[in-house]
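Structure first, then comments.
The values are calculated or read from the model by the stated rules, or taken from the named source; none is laboratory data. Keep in mind that this is a model prediction, so the values were computed, not measured. Every residue, glycine among them, receives a Cβ derived from its backbone with ideal geometry; neighbour counts consider all protein chains shown. We work out accessible area using only protein heavy atoms, side chains counted, and drop any ligands, DNA or RNA first. Shrake-Rupley method; radii C 1.70, N 1.55, O 1.52, S 1.80 Å.
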Amino acid sequence: MGLKQYFGFISKRISALLQRSQLFQHRWIGYIIAVAIYVTLLLIPLPGFEPSAQRAFAVFGLAAFSWGTTLLPLPVTAIVILFLLPFSGAISAQETYAYFGNRAVFFILGAFILAL
């Protein structure tokens with residue numbers, strides 16, 4: 001790869017990054033829409049849904065919007081879901097985190113994160 005090709009490649013990458021940052025210039029609108037979806041799905045009575053199912057559906061709506069629009073990175077959205085499910089009362093915290101291991105796993109994971 002010649003020097004001219006290398007700088008052409010770099011300039012294309014930089015312009016792509018700049019275009020991408022312009023797309024997310026008004027990201028706060030996406031956050032407002034996401035919260036509006038969550039609150040709307042919580043407040044509108046859905047026939048045939050138990051209250052815990054409706055809360056879980058609201059979390060799903062928020063997650064689907066966030067994943068579909070890449071409002072948040074996928075791992076961040078997954079962590080938000082982990083916190084929203086018990087926070088909204090859809091499922092208890094112990095049941096939510098039981099699917100990912102026991103308490104010792106999260107303790108060690110937290111220790112590793114703090115060590116970074």
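Worth a mention:
- Scanning the range 52-96 for residues that are under 15 Å from Ile37 (Cβ atoms), among the hydroxyl-bearing types (Ser, Thr, Tyr) and open to solvent by less than 40 Å² (accessible area, probe 1.4 Å) yields Ser66, Thr77, Ser88.
- Among the criteria (1) assigned to a helix (DSSP H, G or I); (2) open to solvent by 100 Å² or more (accessible area, probe 1.4 Å), the one Phe100 does not fulfil is (1).
- Residue in the range 60-74 that is over 10 Å from the mean Cα position of the chain (by Cα), under 19 Å from Leu42 (Cβ atoms) and at pLDDT 85 or above present: yes
- Pairs, first free of Cβ contacts under 8 Å to residues at least 12 places away in the same chain and in a helix (DSSP H, G or I) in the range 60-84, second surrounded by fewer than 12 Cβ atoms within 10 Å (Cβ to Cβ) and not hydroxyl-bearing (Ser, Thr, Tyr), C-beta under 9 Å, six or more apart: Trp67/Leu74
- Applying a threshold of 7 Å to beta carbon distances and a minimum spacing of six or more residues, or different chains, the list of pairs starting in the range 97-112 at a residue that is hydrophobic (A, V, I, L, M, F, W, C) and ending at one that is part of a helix (DSSP H, G or I) reads Phe106/Tyr97.
- Phe49 passes every criterion in (1) surrounded by 11 or more Cβ atoms within 10 Å (Cβ to Cβ); (2) in a helix (DSSP H, G or I) apart from (2).
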